Amino acid sequence: MKRICSVLRCSKKEGMYLYVDKEAGIDSIPDTLRRQIGDVELAMTLVISEDKKLARANAKDVLQAISENGFYLQMPPVLNSAGDTEMQKLRNKNSKLS
């Protein structure tokens, strides 16, 4: 199964993305979810197949959720304090990230 999807960046939380079918757009998104995610802007458009590698989501799960619910909501990564410390070390070494 393949599907052309719009990946939308959510304004309420950094790193939160909403995947929807490109043709359906956000019209299929429940109002309660729309209020929780805030404004959205198009981040990218992708052709997703079950074997597609995605950065922080499983393509098969994304396709299934879109088929069943009309959307897939990707939550931001959760960093523990060790991860936060590692990121700070990297930022200190790389001035471009500061």
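Residues in the range 46-57 that are exposed (fewer than 14 other Cβ atoms within 10 Å of the Cβ) and part of a strand (DSSP E or B): VAL47, SER49, LYS53.
For beta carbons closer than 6 Å, sequence separation of 6+ or different chains, a first residue in the range 45-71 that is without any contact (Cβ under 8 Å) to a residue 12 or more places away in the chain and a second that is in a helix (DSSP H, G or I) and surrounded by 12 or more Cβ atoms within 10 Å (Cβ to Cβ), the qualifying pairs are LYS52/ALA59. No other residue among VAL20, VAL47 is among the aliphatic types (A, V, I, L, M) and in contact with a helix residue (DSSP H, G or I) (Cβ under 9 Å, 6 or more places away or on another chain) apart from VAL20. Tell me, which residue of the range 13-58 that is basic (Lys, Arg) and closer than 16 Å to PRO77 by Cβ is nearest to the chain's Cα centre (by Cα)? Out of the qualifying residues, it is ARG56.
Computed from the coordinates by the stated procedures, all read-outs in this text should not be read as laboratory data. Everything numeric in this text was worked out from a predicted model, so none of it was measured. Cβ atoms come from the backbone with ideal geometry, glycine included; neighbour counts cover every protein chain shown.
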